[in-house]
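Shown next, in structure tokens, is the structure this report addresses.
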Amino acid sequence: SVLNQEKGRIPKKEKPPFITFVLGGPGSGKGTQCAKIVENFGFTHLSAGDLLRNEISSNSENGAMILDTIREGKIVPSNVTVKLIQRAIESSDNDKFLIDGFPRTEENRRTYERIIGAEPNIVLFFDCPEDEMVKRVLSRNQGRVDDNKDTVRKRLEVFTSLNLPVINYYSQKGKLYKIRAVGTEDEIFEQVRPIFAAVESLLKLYDDSTRSNKDLLIFKVP
Ligand SMILES: Nc1ncnc2c1ncn2[C@@H]1O[C@H](COP(=O)(O)OP(=O)(O)O)[C@@H](O)[C@H]1O
Ligand SMILES: O=c1ccn([C@@H]2O[C@H](COP(=O)(O)OP(=O)(O)O)[C@@H](O)[C@H]2O)c(=O)[nH]1
Ligand SMILES: [Mg+2]
């Protein structure tokens, strides 16, 4: 019976989701590679920048403040961003997520851990030279208020001073997968693919039992 089949199994919603943080400077190719991971491995892509831009366009109470912050290349208060991420995770049926462009600061990271009560399973870092990032951002053509020379310079400064410490933190924890983010989109994805192939087989192993974050913290990519 249905009841017997369900016996001893943990309902999907109660399994902790598999969380990947996707980090890298502006224009390093985070969004581009996330789209390929979604296509090939069925993850749900949550871009922190997109969630914030949605708040601006839906005229939410924080919209004006978020627009000013993005225009300056600064960081939106952590509780605002974390709540948007939390809402997006909770309203999804999927159990594997790419959180793209977050955490931007150590304070972002600690706020996420406090509110969500978990750490990411793995962290990707798209490592790209500054001149290449600037070139890509200035030719992105998505009509973004922050894709101009002045704001890009500020975003690069914020990246170096505030985001690199987060990347170092996860490196020390053994959770960081560093990708050399130069070359064609496909060449870069060939560095990404084996990581998610390994994740996929690991998740299959755990699919019918309790999936505790602890079990998935550390694994080796072949
Ligand atoms: N490997 C690549 N080579 C050249 N241009 C790229 C590459 N990957 C992405 N781009 C382009 O660079 C711009 C920034 O990429 P995007 O994925 O939006 O980066 P991020 O999300 O890290 O800011 C986009 O216009 C994208 O089409
Ligand atoms: O967690 C986040 C993510 C983004 N931003 C703001 O949103 C902008 C754009 O972020 P996005 O990730 O879209 O930019 P990308 O790195 O993809 O160019 C950043 O410069 C910040 O001002 C933020 O404050 N907190
Ligand atoms: Mg992006």
Using beta carbons and a limit of 7 Å, which pairs, at least six apart or on different chains, have the first residue in the range 24-49 and more than 12 Å from ligand 2 (Cβ to nearest atom) and the second one polar (S, T, N, Q) and part of a loop (DSSP other than H, G, I, E, B)?
Thr44/Ser92; Thr44/Asn94
Residues of the range 96-127 being assigned to a loop (DSSP other than H, G, I, E, B) and more than 14 Å from ligand 1 (Cβ to nearest atom), which ones?
Pro103, Thr105, Gly117, Ala118, Glu119, Pro120, Asn121
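Based on this model, can you work out whether Pro16 counts as outside any strand (DSSP E or B) and under 14 Å from the mean Cα position of the chain (by Cα)? Quick ask: steps written out before the conclusion?
On the way: outside any strand (DSSP E or B): yes; under 14 Å from the mean Cα position of the chain (by Cα): no.
It is false that Pro16 is outside any strand (DSSP E or B) and under 14 Å from the mean Cα position of the chain (by Cα).
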Filtered residue count, the range 168-203, keeping only those that are modelled with pLDDT of 95 or more, farther than 22 Å from Ala35 by Cβ and part of a helix (DSSP H, G or I):
5
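Taking the range 31-66 as the search range and keeping residues that are hydroxyl-bearing (Ser, Thr, Tyr) and within 16 Å of ligand 1 (Cβ to nearest atom), which one is farthest from the chain's Cα centre (by Cα)?
The selected residue is Thr32.
Condition test on Ser161, is it among the polar types (S, T, N, Q) and farther than 23 Å from Asn62 by Cα?
For Ser161, the condition - among the polar types (S, T, N, Q) and farther than 23 Å from Asn62 by Cα - is met.
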Given (1) charged (D, E, K, R); (2) within 14 Å of ligand 3 (Cβ to nearest atom); (3) more than 15 Å from Phe196 (Cβ to Cβ); (4) surrounded by fewer than 21 Cβ atoms within 10 Å (Cβ to Cβ), Lys36 misses just (3)
Could you check Thr69 against (1) crowded, with 17+ Cβ neighbours inside 10 Å; (2) touching a residue at least 24 places away in the same chain (Cβ under 8 Å); (3) away from ligand 1 (no atom under 13 Å from the Cβ) and say which number it fails?
(2)
Would you confirm whether or not the range 66-74 contains a residue that is in contact with a Leu (Cβ under 8 Å, 6 or more places away or on another chain) and either at pLDDT below 95 or within 15 Å of ligand 3 (Cβ to nearest atom) (or both)?
yes
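Return the residues of the range 94-119 that are out of contact with any Lys or Arg (no Cβ under 7 Å at 6 or more places or on another chain), away from ligand 3 (no atom under 16 Å from the Cβ) and not β-branched (Val, Ile, Thr); say none if nothing qualifies.
Asn94, Lys96, Glu106, Glu107, Arg109, Arg110, Tyr112, Glu113, Arg114, Gly117, Ala118, Glu119
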Does Arg136 satisfy the criteria of being more than 16 Å from the chain's Cα centre (by Cα) and away from ligand 3 (no atom under 16 Å from the Cβ)?
no
Of the conditions (1) over 13 Å from the mean Cα position of the chain (by Cα); (2) among the β-branched types (Val, Ile, Thr); (3) under 25 Å from Asp150 (Cβ atoms), Thr81 clears all except one; give me its number.
(1)
When (1) in a helix (DSSP H, G or I); (2) of a type outside the set (D, E, K, R); (3) within 25 Å of Asp95 (Cβ to Cβ) are applied to Thr160, the one that fails is (3)
Is there any pair linking a residue in the range 95-106 that is of a type in the set (S, T, N, Q) to one that is within 14 Å of ligand 3 (Cβ to nearest atom), with Cβ under 9 Å and at least six apart or on different chains, and which?
Thr105/Asn163
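The values are calculated or read from the model by the stated rules, or taken from the named source; none is laboratory data. Remember, it's a predicted structure, so these values are computed and weren't measured experimentally. Cβ sites come from the backbone with ideal geometry, for glycine too, and all protein chains shown count toward neighbours.
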